[in-house]
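Enquirer: Take this structure first; my questions come after.
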Amino acid sequence: MKIAFISTRGIPNNYGGFEQFAEYISVGLAARGHEVVVYSPHFHPYKKDTYKGVRIKHIYSPETWMGSSVGSFFYDFASLKDALKKEHFDIIYEAGYTSIVPAYIWFNVKKIKYPIFTTNMDGLEYKRTKFNKWVQKFIFWEERTTVKHSHYLIADNMGIHDYYKEKYNKESKFLAYGADIHEDYDISLLAEFGLQPRKYYLLVARLEPENNIEMAIQGFLASGETDKKELIIVGKTNTPHGKYLVGKYTGQPGIRFVGGIYDFKKLNSVRYYSFAYFHGHSVGGTNPSLLEAMASSCYILAHDNIFNRAVLKDNAHYYASSQAVTKLLNSIYELNESCRNKFIENNLQEIRNEYSWESLIDKHEKYFIGCFLRNNKLLPLFMISS
C-alpha cells in the first residue's frame, strides 16, 4: 500500500509525540514493503528526500513568520493539496485535527472514496485551558466536523475511544503510541544536569496549564522533601505558561527548570535514575512521555484522570490537587518500600505486552489493510474497529 502521514513536524523526530510515532511507524511500515511518505515542513533540519526507506516531502510552512497557531493551517492545507493532486495514496493518516479541518472541508474529503482518510483524534483539545473560550468553541466545532468528514477515527486511549462512542456514536480504533525498553542507561550522563541518582523527582512535559505542572510544584514546595531532593522540570520554557512558571518558581527551594532534552539516551537515563516521576497530563490520550517513563522503570506519580488510569491501572500513585501531592510526598518513603518494585515491574510488563513499537507497527499495518478492504466492501466495519 501507499501510505501518507500528514500534519506532523516531520521526521526524524525533533519535536514531540506525534513525530516520534510517525518516525517509528513509517520506518517500520517501509521495512515491510509499503511505500510510505511523511510530509515535513521546510524548516525541519533534515533536508534529505528519504529517511530509512521513507520518502520525505518538504512542504513550505509559513509558521516561521506567522506562528504555529495560524501557520499550521496553511501548512496542513498545502500538504493535503499535494497528497490529493500529486500523489495516489491508498491511506492518508492525519495526525490530529486542529489545523486540518478547513482543508477537509475545502476538498470535501468525506465524499472522496480514495484515498482513505483516517484521523488520530489526539486528546480532548477543546478542554485545553491555554485556549480562551472562543478558541475552545472553535476547536469543539473542529472536533465535530472531523468526526463527520474522516472515513475512520483512531483513538490512542480507551478513554478517548469511549468518548467518541458515547458523544457521537462513532466507532474508533484504539491504537496507542509505543515505547521500547532500553538497557543502555548511563549514570555519567547525569553530571551534565548536576544530578545524582535517586536524589531528584522528575517531571517531563510541555509547559502548558493542562499538564498540571504548578500543581506538582506547589505540592512539592509544601512537603518535607525540599531539603532532601530536587524537583527537576524538563520541557521548553518559551511557552507563555512556561515563562510564567519560570518567573514565579525559579529560586524556590529544590525547583529547577532544565529546558528540553532531545537526546533520548540522555533523557532515558535522567528518567531511569529519578527517585519518582510526576505525570500531570490531564486532557490527552495516551501520552508518549508516560509510556517512555514506564519503559524507563520510573516510579510514577500521576494526575488522577481516566486517560492515565487507562494506561497505568493500579500501578501508580494518583493525585488531583497540590494538597494530595504534598500528602503523597510526605508518605513517599513508606509507599516506596511497599509499592515501588511492584509498580515498576507491572508497568514494564505492560510495555512489553501492549506498547512495544514492533507490536504497534503490526497493529497499524493490519488496521490500514482492514480499512482498504472495507473500502472495497471486502470486510465489515466491526472487524476494523474491534
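None of the figures in this text is laboratory data; all of them are computed from the coordinates on show. It should be emphasised that the depicted structure is a prediction, and the values quoted were computed from it without experimental measurement. Positions of Cβ are backbone-derived with ideal geometry, glycine not excepted, and every protein chain shown enters the neighbour counts.
Enquirer: Where is the GNM fluctuation largest for the chain (alpha-carbon springs, 10 angstrom cutoff): I261, I91, I160?
Expert: I261
Enquirer: Moving on. Based on the Cβ-Cβ distance of N346 and A320, what FRET efficiency does E = 1/(1 + (r/R0)^6) give at R0 = 25 Å, to the nearest 0.05?
Expert: Values: r = 22 Å, r/R0 = 0.88.
So, using R0 = 25 Å, E works out to roughly 0.70.
Enquirer: Sticking with the crude label model, points 7 Å out along Cα→Cβ, report the distance from H88 to K313 in nm, one decimal please.
Expert: Going from the H88 label point to the K313 one covers 4.7 nm.
Enquirer: Still on this structure, please answer the following. Using 1/(1 + (r/R0)^6) with R0 = 35 angstrom and r between the beta carbons of Y244 and K127, what's the FRET efficiency to the nearest 0.05? Please report the intermediate quantities before stating the final value.
Expert: Numbers: r = 20 Å, r/R0 = 0.56.
For R0 = 35 Å, the calculated efficiency reads 0.95.
Enquirer: Using a basic spin-label model with each label point 7 Å from the Cα along Cα→Cβ, how many nm lie between K167 and H58?
Expert: In this crude label model, K167 to H58 measures out at 3.8 nm.
Enquirer: Under the rule a/c < 1.5 gives rounded, and otherwise a/b versus b/c splits prolate from oblate, where does the range 180-244 land using the Cα gyration tensor? Let's see the in-between values first.
Expert: Details: a/c = 2.06, a/b = 1.31, b/c = 1.57.
It comes out oblate by the Cα gyration axes.
Enquirer: Among F73, F278, rank each residue by its count of other Cβ atoms within 10 Å, from fewest to most, as a rough exposure measure. Mind dumping the intermediate values first?
Expert: Details: F73 19, F278 29.
Exposure proxy ranking, most exposed first: F73, F278.
Enquirer: Sort the following peptides by mean Cβ neighbour count (other Cβ atoms within 10 Å, averaged over residues), highest first: 325-334, 76-85, 201-210. If you can, show how the numbers build up before the last one.
Expert: Details: 325-334: 17.2, 76-85: 19.1, 201-210: 22.1.
Going from most to least packed, we get 201-210, 76-85, 325-334.
Enquirer: Given labels modelled 7 Å from the Cα in the Cβ direction, how far is it in nm from K47 to K81?
Expert: 2.5 nm
Enquirer: If you count, for each residue, the other Cβ atoms within 10 Å and average over each peptide, how do 306-312, 294-300, 335-341, 149-155 line up from highest to lowest? Mind dumping the intermediate values first?
Expert: Details: 306-312: 20.6, 294-300: 24.4, 335-341: 13.3, 149-155: 22.6.
So the order, starting with the most tightly packed, is 294-300, 149-155, 306-312, 335-341.
Enquirer: Considering the dipole of the chain built from charges on the beta carbon (Lys and Arg +1, Asp and Glu -1) around the Cα centre, which of L195, H281, N132 is farthest to its positive end?
Expert: Going by the Cα projections, it comes out as N132.
Enquirer: Something else: Relative contact order for the range 187-354 using alpha-carbon pairs under 8 Å, separation at least 6, rounded to a whole percent? Let's see the in-between values first.
Expert: Details: 276 pairs, mean separation 42.7, N = 168.
Relative contact order here is 25 percent.
Enquirer: Looking only at the chain, where both bridge partners belong to it, what percent of the DSSP beta bridges are antiparallel (to the nearest 5)?
Expert: The antiparallel fraction comes to roughly 5 percent.
Enquirer: Related question: Per DSSP helix of 4 or more residues, -39500 (n - 2.57); summed, then divided by the residues of the chain. What does that give at 222 nm, rounded to the nearest 500?
Expert: On the way: 15 runs with 166 residues, N = 386.
Helices in the chain give a 222 nm mean residue ellipticity of -13000 deg cm²/dmol.
Enquirer: Assuming R0 = 45 Å, can you tell me the calculated FRET efficiency for the pair W106 and E334, based on Cβ-Cβ distance, to the nearest 0.05?
Expert: Numbers: r = 59 Å, r/R0 = 1.31.
Here the calculated transfer efficiency is 0.15.
Enquirer: In whole percent, what relative contact order does the chain give with Cα contacts below 8 Å and a gap of six or more residues? Kindly include the intermediate steps, with their values, before the conclusion.
Expert: Values: 713 pairs, mean separation 57.8, N = 386.
Once normalised by length, the contact order is 15 percent.
Enquirer: Ok, one more. Taking the Cα atoms of the chain, what is the range of coordinates along each of the three principal axes, in descending order and whole Å?
Expert: 62, 43, 42
Enquirer: Still on this structure, I have one more. In percent, what relative contact order does the range 220-284 have, based on Cα pairs under 8 Å that are 6 or more apart in sequence? Working shown, then result.
Expert: Numbers: 50 pairs, mean separation 21.1, N = 65.
Reported relative contact order: 32 percent.
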